[in-house]
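Step one of this worksheet: look at the structure below.
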């Protein structure tokens, strides 16, 4: 994260002291750099320069309203997977005509909501969904713009939980069956075929699977064109990976070349749906050390952030770098960094060596994606506050929840 740096041993994000932010807003606290969001977005703009394109931010990565508002102001579209995400995009000032709707389980109510809003396209993931969408659109007197999400059976070489392009995954339709489904869609009265979608997985650090998948998709595009079905756009799915530990993110110049060599002059529009790579490295999670617990076989640093604040380590065994906010001359300790939730799986990092003191602050890096958006209230823990920094300006974009707010919608039995 280029915008994270130290001054006199203290961590700053842009020009904001993380120590001061923790003191002002408490912990756990998510902090995001506006400059880092801009840099990540512009990297995709440069990669797609010369191609008619739309960058649709994947809302699931971080759905905070201010984050969505910022991307909307940059000109982004949005990739959504629920009616709730559509409502957030619209509340944040996003344009419905720049929204693509993915996901395997769209309800009729969500379809109606999206059709009435006038979204750009539905990424259809099954024949049953196509039939339902045709019926719902007919009830509204509309035609639904569709693309099929095709599954090219390409190994993305990533974590199995975030792999989406293999034949055993639940996503999309087998590419071998897509031709027949497009012919069926072209005959439907309330469906209009617009494009094709392919998303093979997240956290991609090797671009060869991307190139392989695109070649398979473009072969389908040519086959459909020969049958008289001409597509307006190709949606190439998610973006590239980021660095959490020792990964080497893909070369964006190579990414650009892969896209230009395949799409230049071929399509009316190329759509890309990055999420993690737009927000992941822009965010840190601040947490305070409550206790240092020394044991015979293992030492524990118990912090006030937990698996309900950052689910990725417990869910994926994901790695996040953890560093002290203020450097100290305290002897480093081999330890597990764990939270207060009553689960053995409640950890932020295992087997780390840290120089820490009780009451000190730690920063969990690259926490901008799938941190706040996956957080919960497990153990009746209020969710964290969120802050955005723009140079030396500070914006509180989400207030810390209270226990009273958690119980507000509940009722006792009379």
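Throughout, read-outs are computed from the coordinates displayed, never taken from laboratory work. Not measured: the values here are computed from a predicted model.
Details
- Geometric extent, Cα atoms of the stretch 307-414 - Rg, Dmax (angstrom): 16.3, 59
- Angle of helix 34-48 to the longest C-alpha principal axis of the chain, folded into 0 to 90 degrees and rounded to 10: 30°.
- For the chain, the alpha carbon positions stretch 71, 62, 43 Å along the principal axes, listed from largest to smallest.
- The stretch 103-272 - Rg over Rh from alpha carbon coordinates, Kirkwood radius: 0.98
- Share of pairwise Cα separations in the stretch 208-364, more than 25 Å, in percent: 49
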